[in-house]
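S.K.: I have a structure I would like to understand better, so I am pasting it below and will then ask my questions one at a time.
The numbers here are math on the coordinates, done by the rules we state, and not lab data. Here the structure is a predicted model, which is why all the values come from computation and not from measurement. We place every Cβ from the backbone using ideal geometry, glycine too, and count neighbours over all the protein chains shown.
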Amino acid sequence: QVQLVESGGGLVQAGGSLRLSCAASGSIFSINAMGWYRQAPGKQRELVAAITSGGSTNYADSVKGRFTISRDNAKNTVYLQMSSLKPEDTAVYYCNAEITVAAILPTLNSWGQGTQVTVSS
């Protein structure tokens with residue numbers, strides 16, 4: 001069984017910074033891509049940033065230059081450093097990871113429980 005636990009959300013003023021963390025635990029053979037998604041009230045969940053096991057990154061246009069995704073493979077942890085935050089960044093942020101629990105089993109698309117980020121104007 002695999003679990004993703006997020007931390008680091010909260011309330012911040014516009015222009016401020018937050019760092020989100022997401023640690024994967026359980027029976028893990030390998031982790032492929034990891035990423036962060038967000039969902040604002042009344043909107044669909046959208047990709048914010050993703051990072052492969054080799055370190056290649058991909059960002060939504062709306063966060064390029066402001067957010068940085070990174071990962072520590074030894075700790076099975078992915079981070080999202082958010083800077084120059086805007087009120088429109090307010091959302092529940094979800095961690096996602098493509099996890100293989102055994103070499104012979106297919107990859108599982110796993111989700112965290114979400115962490116609230118609120119940016120006040």
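S.K.: Do you know which residues across the stretch 47-75 are assigned to a strand (DSSP E or B), surrounded by 13 or more Cβ atoms within 10 Å (Cβ to Cβ) and not polar (S, T, N, Q)?
M.R.: 47, 48, 49, 50, 51, 59, 67, 69, 71 - these are the residues of the stretch 47-75 that are assigned to a strand (DSSP E or B), surrounded by 13 or more Cβ atoms within 10 Å (Cβ to Cβ) and not polar (S, T, N, Q).
S.K.: Something else now. Could you list, in sequence order, the residues of the stretch 24-46 that are of a type outside the set (Asp, Glu), surrounded by fewer than 17 Cβ atoms within 10 Å (Cβ to Cβ) and assigned to a strand (DSSP E or B)?
M.R.: Result: 25, 26, 30, 32, 39.
S.K.: I need the full set of residues from the stretch 86-121 which are surrounded by fewer than 18 Cβ atoms within 10 Å (Cβ to Cβ), in a strand (DSSP E or B) and in contact with a Phe, Trp or Tyr (Cβ under 7 Å, 6 or more places away or on another chain), in order please.
M.R.: Correct list: 100, 111.
S.K.: Right, another one. Filtering the stretch 16-69 down to residues that are touching a Ser or Thr at 6+ places or on another chain (Cβ under 6 Å) and without any contact (Cβ under 8 Å) to a residue 40 or more places away in the chain, which residue is farthest from residue 84 (Cα to Cα)?
M.R.: From the stretch 16-69, those touching a Ser or Thr at 6+ places or on another chain (Cβ under 6 Å) are 17, 21, 23, 29-30, 32-33, 51, 66, 69; that's our starting set.
Filter once more, keeping what is without any contact (Cβ under 8 Å) to a residue 40 or more places away in the chain: 51, 66, 69.
Values: 51: 21, 66: 6, 69: 15 Å.
Among residues in the stretch 16-69 that are touching a Ser or Thr at 6+ places or on another chain (Cβ under 6 Å) and without any contact (Cβ under 8 Å) to a residue 40 or more places away in the chain, the one farthest from residue 84 (Cα to Cα) is 51.
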